[in-house]
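Since the structure comes first, as structure tokens, the remarks are kept for the end.
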């Protein structure tokens, strides 16, 4: 039905989707073409698959569940430092894994702050290692992301709705059921699918905090197959398992999204009369403080360690930082070129699993993609010459599902509200984007660009296979420092990485929200 | 006119570079980093070879071998440096390597006779601890103690694989029982060496699997003498890092020259304080100051490289079973 309501060119969107699919399928095909022996899936693999799915379900469920009250509180309150807090919500997610793990351990570890405090109070120590540790870490990484996604959902509710609700004196509970619940039904499934896929491909976090080989994920088995056994057939098989799980979950969940619209408004923000009550205020305050503590204390640990090691950073770290910044900017450009047409295409369709294609890019093991392309490129050219192109493409592909999740809901609203009018006025093609869509989507585009920049900055994914010796990126330089005992200097580099990632995130995000409240 | 001069100069430079033979050496990441041996080795070799040495860092030893298998005989590499004893059998199986005629007076605790691969440095695996901790005397004592350790996963890390082979080598059929006893000592298992060592330095564990030479880094580079390596009376498994030249090399003489250079005094004096391992050939001036403080195991354990793959498979299954309960 919505298909006819707007003349968004479907061609570019479909081409972008096909390109993403082709990049994955090509890599997979290349790996399979070189496979020789290939052991099937054994009992250990099935155990790994079970563990992977179970922890991903728990992690994504908890992340999104906890994000609901936090996003609600943030949507209803205005306070000093709110903007900074919303920006910092991006931080855990973009930290290199090992840095975030060390930050978490500084708080929850055996000699962390929590256990030190417990010991001082004469209480028994708690251990972070185990299934709960894996989930805790994944919630730390992904709850902020889910919060941001839900917060955008709240901001997309037309303020007139709240005004109307206030006029008929809806209680907060009734308000939740009438206005907020339908919005959540639209936003939660996508957020759930996204976090599920992120947790599905977890490897180092799950292993380290899981406390041993019980916490073996599919990604670890893929790594082992590529690196140690060089069993390409097995690696391809496991990659397919991962793709099927992610794609299946995405299709399943995205089907749940109801085909409704929240209606149009005047694109303005309004005070929330419904949230003025004392109890409401106290609950929101407690929720915000708890969430901020959970997220910020480990970050403080990271910053503290970084400040101590800052002076020991060798000059090469700054050089690497420059390269990382360039890669990040280029990746943003590639991403927007892919994501905007795709989002337009998906938004113009009925609500369904079009977004799943984006998620496939994220669920494909970077090692598989890297190896596959290496097999393709190597016979015809020096892989190093393609290092930058491949890195940019892969970074954009990894960020694509985030960008789609951010862009599709507001795009869908814009299409529904202005589609018929645009068609009537014969606003099409580039003018449609410039006059109608882009101004409505400024904030989400800024957020998506910021997230992509930050993700690219911290990415290590395919670098390992294509790393050009003369163009070392910041995360790789940090890993090298750690590999050479220089943990202090590495902590400094991690802080620089955090600052740059947050910086690029803040600039894009702020740019998108400039002169608009968010 | 200016442009023309510039263009001519560029052209001349390119021609000059094309005439200088290039030797491509694949190695692991930490070798080529600015604080690793790479820059000094490159400078020293280029002084004597009239060539351009290109060191290419590719992850760790396992990644190096995987890369080589991917490239096959078409590889640009002339020399591969950074495989270890655990990977030699698999490397030989590729048939990509050519025998070497290197003769050197190796300072290894075992006799080295491999015709293809030549060692350039080595070390003993060991648990590193802070000196205020009383270390156990062997794996059995460790299993009975309350000491917490961090180890690396043998499925993703070479030191992790080293520990697996160490226990298997020392205890053979008893190895599963040793692992079961140690299961409650293992705080966690990490993807690689860096994560484990980082966790140890953060105080997450009393001991970490590393090398007997690790305390040398803290002593020499950080003037910190608080770290020591625990000596186990079963003996210590060794990691011998080796290099080999590829049969498909387009610079066979230069490759041979490089291997010789790596066991010469010039290269061997660089390695101990950049790669933090024992040199394969003791330099004329002896080991650097600080190395004499290191504890030295009384017994070196070594597995014939041909037996590694079979032993590894068995040991890995036992390890998974013992630690998954």
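Going by alpha carbons, how many degrees (0 to 90, nearest 10) lie between the helix axis of B:2-19 and the longest principal axis of chain B?
That helix lies at roughly 60 degrees to the long axis.
Report the paramagnetic label zone for residue A:125: residues of the range B:176-200 whose backbone N is under 19 Å from a point 7 Å from Cα along the Cα-to-Cβ axis.
Under cut-off, by backbone N: B:182-190, B:196-200.
Over the range B:49-201, what relative contact order in percent results from Cα pairs under 8 Å that are six or more residues apart?
20 percent
Rounded to the nearest 0.05, what FRET efficiency is calculated for residue A:111 and residue A:77 with R0 set to 41 Å and r the Cβ-Cβ distance?
My answer for the efficiency is 0.70.
Would you mind telling me the antiparallel percentage of the DSSP bridges in chain B, rounded to 5?
Percentage antiparallel, nearest 5: 60.
In degrees, nearest 10, range 0 to 90: what is the angle between the Cα axis of helix B:308-323 and the longest Cα principal axis of chain B?
The answer is roughly 40 degrees.
Using Cα pairs closer than 8 Å and at least 6 residues apart in sequence, work out the relative contact order for chain A, in percent.
After rounding, I find 26 percent.
Can you tell me which of B:198, B:57, B:82 moves the most in a GNM of chain B? Springs connect C-alpha atoms under 10 Å apart.
B:198
Please list log₁₀ I(q)/I(0) at q = 0.06, 0.10, 0.11 Å⁻¹ for chain A, using the Debye equation with identical point scatterers on the alpha-carbon positions.
Cα-only, vacuum Debye calculation for chain A: -0.28, -0.80, -0.98.
At residue B:285 and residue A:308, where each label point lies 7 Å from the Cα along Cα→Cβ, what is the point-to-point distance in nanometres?
Placing both labels 7 Å along Cα→Cβ, they lie 3.4 nm apart.
Given just the C-alpha atoms of chain B, how large is their convex hull per residue in cubic angstrom?
155 Å³
I'd like the FRET efficiency for residue B:184 and residue B:226, computed as 1/(1 + (r/R0)^6) with the beta carbon distance as r and R0 of 25 Å, rounded to 0.05.
That pair, residue B:184 with residue B:226, gives E of 0.40.
So, in nm, how far is label residue B:177 from label residue A:10 when the simple model puts each one 7 Å beyond its Cα toward the Cβ?
Taking the two extended label points, one gets 7.1 nm.
Antiparallel DSSP bridges in the protein assembly as shown: what percent, to the nearest 5?
Counting DSSP beta bridges with both partners in the protein assembly as shown, the antiparallel share is about 60 percent.
Hey, rough spin-label estimate for residue B:141 and residue A:293, points 7 angstrom out along Cα→Cβ, what's it come to in nanometres?
4.4 nm
From a point 7 Å beyond the Cα of residue A:244 in the direction of its Cβ, which residues of the range A:57-71 have a backbone N at a distance under 19 Å?
Of the residues in the range A:57-71, A:57 have backbone N under 19 Å from the label point off residue A:244.
Using a 10 angstrom cutoff on alpha carbons, build the Gaussian network for chain B and name the most mobile of B:289, B:140, B:148.
B:289
Which value at 222 nm does the protein assembly as shown reach when only helices count, each DSSP H run of 4 or more adding -39,500 (n - 2.57), with the total divided by all residues and rounded to the nearest 500 deg cm²/dmol?
Value at 222 nm, helices only: -19000 deg cm²/dmol.
Using a Gaussian network model on chain B with a 10 Å cutoff between Cα atoms, which of B:273, B:158, B:295 fluctuates the most?
Of B:273, B:158, B:295, the Gaussian network model singles out B:295 as fluctuating most.
Suppose R0 equals 41 Å. What FRET efficiency, 1/(1 + (r/R0)^6) with r the Cβ-Cβ distance, do residue A:167 and residue A:19 give to the nearest 0.05?
0.25
Values quoted throughout were computed directly from the atomic coordinates according to the rules given, and no laboratory measurement underlies them. Quantities reported herein were computed from a predicted structural model and do not represent experimental measurements. Don't worry about glycine lacking a Cβ; one is built from the backbone with ideal geometry, like all the others, and counts go over all protein chains shown.
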